[in-house]
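Derivation of every value follows stated rules applied to the coordinates shown; laboratory data play no part. Computed from a prediction, not measured in an experiment: that's the story for all the values here. Cβ coordinates were reconstructed from backbone atoms using ideal geometry, including for glycine residues, and neighbour counts include every protein chain displayed.
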Number of protein chains: 2
Amino acid sequence: MTDNSKKILYKRITDLTEISVSSFDKLFEIANKREFTKGEIILRQGQICNTIIFVEKGYLRTYIDKDGKEINTDFTFEGNFTTNLKSLRSDTLSDTSIQAGEIATIYEFNKDKLLELYKVSVEIESFGRKLLEQLLIAKEEHTNLFKIYSPAERYRYLQSNKSEILKRISLSQLSSYLGIARETLSRIRKK
Amino acid sequence: MTDNSKKILYKRITDLTEISVSSFDKLFEIANKREFTKGEIILRQGQICNTIIFVEKGYLRTYIDKDGKEINTDFTFEGNFTTNLKSLRSDTLSDTSIQAGEIATIYEFNKDKLLELYKVSVEIESFGRKLLEQLLIAKEEHTNLFKIYSPAERYRYLQSNKSEILKRISLSQLSSYLGIARETLSRIRKK
DNA sequence: TTTTACCTGTGATAATCGTCACAAAATTCT
DNA sequence: AGAATTTTGTGACGATTATCACAGGTAAAA
C-alpha cells in the first residue's frame, strides 16, 4: 500500500473493525476519488443521494435551507464519513445539501455497489454496521446538548469536548449548528 | 408460529429486512422476556448496558439525570427497539436510565449472544445494520427540530408528524424531550 | 495595492422563554 | 367514595435571546 490516500481510509476502517486486505481492496476498488474547491456543492437538496462520502482532506458542511437561510446540521472533517442516510436508504429527495468548506478531497462509495459488497463480504457489512453505531452515538450526544444545556452552555461544551470544531468553523457557520443567533454567539464567546 | 408475542417481533423485523424462519428462530431463542409495572427501572444510570430491548407492550422512557432533574431523551413504544448504544458498545457506564412508562412487556437481547449470531447469520447482522440506519434517521430528524424550529414550532411539528407521542406522553414528560419548560409548553398547547 | 465581499462586534429594543409560587384539575390509591 | 398524589394551568417577573441596524475588521479577489 504505497498510496497515501489509501492509508487514511485504511486507518479509519481498521480503527473501527478488523478487516482483511482483500476486503479492504474490494472496498477501495469501488471508491471514486473527487476534488472540490471551497464552496462547491457535492450533494444538492432535492437530489437523490446515492453515495457514502469519505473525507480525505478538508471538511464538508451539511445544511438545510430554511426560508432562504442555511442551517448547518453537520460538519464532516478529514477521516470521517457522511451522507444523507434518509435519501440514500429510501431513494427520496435529499432535504440537505453538502458543500466543501475548504478545498477538499473525498472518496465516494456508490450505494448499490456497497450493498453488493455487503453480500460478498461479511467484514464489509460488519464495518457498515459499526460505522452506523458510531454515527448514532455521536448524533445522540449532539442532540442531548439541546435538551440539557442552554446556548451558552452548549458553546462551552464544545470548547471542552470538541475544540477541533471551534478552530475550523467560523462563528457564523457555527451559530446555526448550535441553534444560536450569530450575534448571541459572538457575545457568548467574548466572555 | 402460534405465540402472539413472537408475531409482533417477527413483524417488526420483516418490515425492515428479509429474514429466514431459521434465522428468526435463532434470534428468538436468545430473547429474554420480562414484564415491568409502571415506574420500574430497566436500565439504571451508572450501570453497564449489555442488552438491546424490544418493546412488545407499553412504552419506555429514556432519561438523563441533570442536577436531580430528569430530562427525557427518548420514548420507545411497542414494536420498537432501544438501548444505550454508547454503553453497550464500549462497556462504559450508562449516562441514561430506562424506565417503564406503563405496564410493559419487553424482550431483552444480550449483546454478546447477539454478536455471536451476527457471525453465524448474515441475515441477522444485516438486520442489525438496517435497524441502526432507521434509528439514525429518526435521531437526525429529531435533532434538526432543535436547529430549525422554535419551541412552539417544535410542538406543532409533533402535532402534525408524531401525533402518537402527544396522545401517550404527558405534558410534563414531553417538555424536557422538546427542550421547553413545562409551563411554556402548557401555554403553547392552549392555543 | 486597491477593491470587494464576507465575517464579526455592538448597541438598542422587543419578543420569548424560564422560574417561582400557588391554585385547579385529573389521576391513582386505599 | 374519599384521600393522596401527580399533573396541569396561570399570573408575575426577570433573564435570556432574537432581531435589526450598522460599523469595523479581515480575508479574498482583481
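Points to keep in mind about this one:
- Charge-dipole axis of chain A as Lys and Arg at +1 and Asp and Glu at -1 on Cβ define it, positive-most pick from A:Leu132, A:Gly46, A:Ile71: A:Ile71
- Using R0 = 30 Å, the C-beta based FRET efficiency linking A:Glu153 and B:Arg168 works out to 0.50.
- When +1 charges are put on Lys and Arg Cβ atoms and -1 charges on Asp and Glu Cβ atoms, the dipole computed for the protein assembly as shown relative to its Cα centre reaches about 1540 debye.
- Candidate cross-link partners of B:Lys162 among the aspartates and glutamates, defined by an alpha-carbon separation under 14 Å and a same-chain spacing of 8 or more, comprise B:Asp74, B:Glu141, B:Glu153.
- Shown is the FRET efficiency for B:Ser5 and B:Ile48, computed with R0 = 25 Å from the Cβ-Cβ distance and rounded to the nearest 0.05: 0.40.
- Mean per-residue shielding of peptide A:124-133 is 5, counting Cβ atoms of other chains within 10 Å of each Cβ.
- Full-extension gain in nm, B:Glu35 to B:Ser20, via 0.36 nm per residue minus C-alpha separation: 2.6 nm
- Relative contact order of chain A, pairs being alpha-carbon contacts under 8 Å that are 6 or more residues apart, as %: 24
- The range B:1-108: trypsin sites (Lys or Arg not before Pro) falling in loop per DSSP and having at most 11 other Cβ within 10 Å: B:Lys38
- Zone of B:Lys57's modelled label, taken as backbone nitrogen in the range B:19-51 under 14 Å from a point 7 Å along Cα→Cβ: B:33-38
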